[in-house]
Amino acid sequence: MGRAYQNRKESMAKTADAKTKLYSKYAREIYVTAKSGGVDPDGNLALRGLIDRAKKDQVPGHVIDKAIDKAKGGGGEDFSKARYEGFGPGNCMVIVDCLTDNPNRTFADVRNCFTKTKSKIGTEGSVSHMFDHCAILAFKGEDEEGTLEALMMADVDVTDIENEDGVITVFAPHTEYFKAKQALIDTFGELDFEADLIQFVPQTTTEISGDDVAMFEKFTDMLNDLDDVQNIFHNAEF
């Protein structure tokens, strides 16, 4: 499967303003994850992984703590997940994941990003069937056979395991995330995961060039400017 997944998720931490937006996106996702699965990271592996990623992206501790404290309360915003699919500049395939408290507004905002960049928003499933929805766990190590054995003993449906430059990367269906992570922790103890996420990995890539490259950058910048957009996945190859 390769480590192509590292290049398929758009990062937006480029400027001070972008970092503020990044913190806001993390805060929203931490709040939703803590509210739905519990505020204790030891009992909520999704929250634990999310906090670890936030720290690696240099999200301030007070932002994380505030989001968790907010989830402890009984009220707060009622966010729901929304996913939009379509074809971006150069006919590349795009998936946009959102957390929204107003689906109608979010759909209109995302559709505008497609329209303004000569792209086409599609229906549910229009491109996602060309991506693998993967749990990805990467950590420093050399024992590929021991890793596979641990996962198989835990009855994890492993898609692929790689050992590259002293880093073992495990790919599994997204539904196996919790089981796979717990199996690795039970076997190897506390791990400093270099990758701990669930994301869409494209099965094929689409090469874009010329004016489409600038249009693609405009497209992703417009999407990243939307507060509701959490992640953008694509198969564009430059």
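The values are calculated or read from the model by the stated rules, or taken from the named source; none is laboratory data. These numbers come from a predicted model, not from an experiment. Methodologically, a virtual Cβ is constructed for each residue, glycine included, from the backbone with ideal geometry; neighbour enumeration extends over all protein chains shown. Accessible surface is based on the protein model in full, side chains and every heavy atom, while ligands, DNA and RNA are left aside. Shrake-Rupley method; radii C 1.70, N 1.55, O 1.52, S 1.80 Å.
Within region 182-199, being open to solvent by less than 70 Å² (accessible area, probe 1.4 Å) and closer than 17 Å to residue 143 by Cβ holds for 183, 184, 185, 189, 191, 193. Annotation note: of 196, 227, the sole residue that is in contact (Cβ under 8 Å) with a residue 12 or more places away in the chain, of a type in the set (D, E, K, R), over 15 Å from residue 114 (Cβ atoms) and touching a Leu at 6+ places or on another chain (Cβ under 8 Å) is 196. Only one of the numbered conditions (1) among the aliphatic types (A, V, I, L, M); (2) open to solvent by 30 Å² or more (accessible area, probe 1.4 Å); (3) in contact with an Asp or Glu (Cβ under 8 Å, 6 or more places away or on another chain); (4) over 30 Å from residue 207 (Cβ atoms) is violated by residue 50, and that is (2).
Scanning region 88-103 finds one or more residues that are at negative phi, assigned to a helix (DSSP H, G or I) and open to solvent by 20 Å² or more (accessible area, probe 1.4 Å). Just a yes or no: is a residue in region 140-149 assigned to a strand (DSSP E or B) and either of a type in the set (Lys, Arg) or in contact with a Gly (Cβ under 6 Å, 6 or more places away or on another chain) (or both)? Yes, the conditions are met somewhere in region 140-149. For region 82-104, the set of residues classified as closer than 21 Å to residue 233 by Cα and free of Cβ contacts under 8 Å to residues at least 40 places away in the same chain consists of 84, 103, listed by residue number.
Could you tell me which residue of region 137-155 is most open to solvent (accessible area, probe 1.4 Å), considering only residues that are closer than 16 Å to residue 196 by Cα and of a type outside the set (A, V, I, L, M, F, W, C)? Among those that are closer than 16 Å to residue 196 by Cα and of a type outside the set (A, V, I, L, M, F, W, C), it is 140.
Taking (1) closer than 28 Å to residue 98 by Cα; (2) open to solvent by 10 Å² or more (accessible area, probe 1.4 Å) in turn, residue 220 satisfies each apart from (2).
Scanning region 213-227 turns up one or more residues that are of a type in the set (Gly, Ala, Ser) and modelled with pLDDT of 95 or more.
Condition check ((1) out of contact with any strand residue (DSSP E or B) (no Cβ under 6 Å at 6 or more places or on another chain); (2) assigned to a loop (DSSP other than H, G, I, E, B); (3) open to solvent by 50 Å² or more (accessible area, probe 1.4 Å); (4) modelled with pLDDT of 95 or more) across all residues:
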position: 58; (1), (2), (3), (4): yes, yes, yes, no
position: 70; (1), (2), (3), (4): yes, no, yes, no
position: 75; (1), (2), (3), (4): yes, yes, no, no
position: 105; (1), (2), (3), (4): yes, no, yes, yes
position: 109; (1), (2), (3), (4): yes, no, yes, yes
position: 132; (1), (2), (3), (4): no, no, yes, no
position: 135; (1), (2), (3), (4): no, no, no, no
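Within region 156-181, restricting attention to residues that are open to solvent by 40 Å² or more (accessible area, probe 1.4 Å) and under 16 Å from the mean Cα position of the chain (by Cα), the residue that is farthest from residue 134 (Cα to Cα) is 178.
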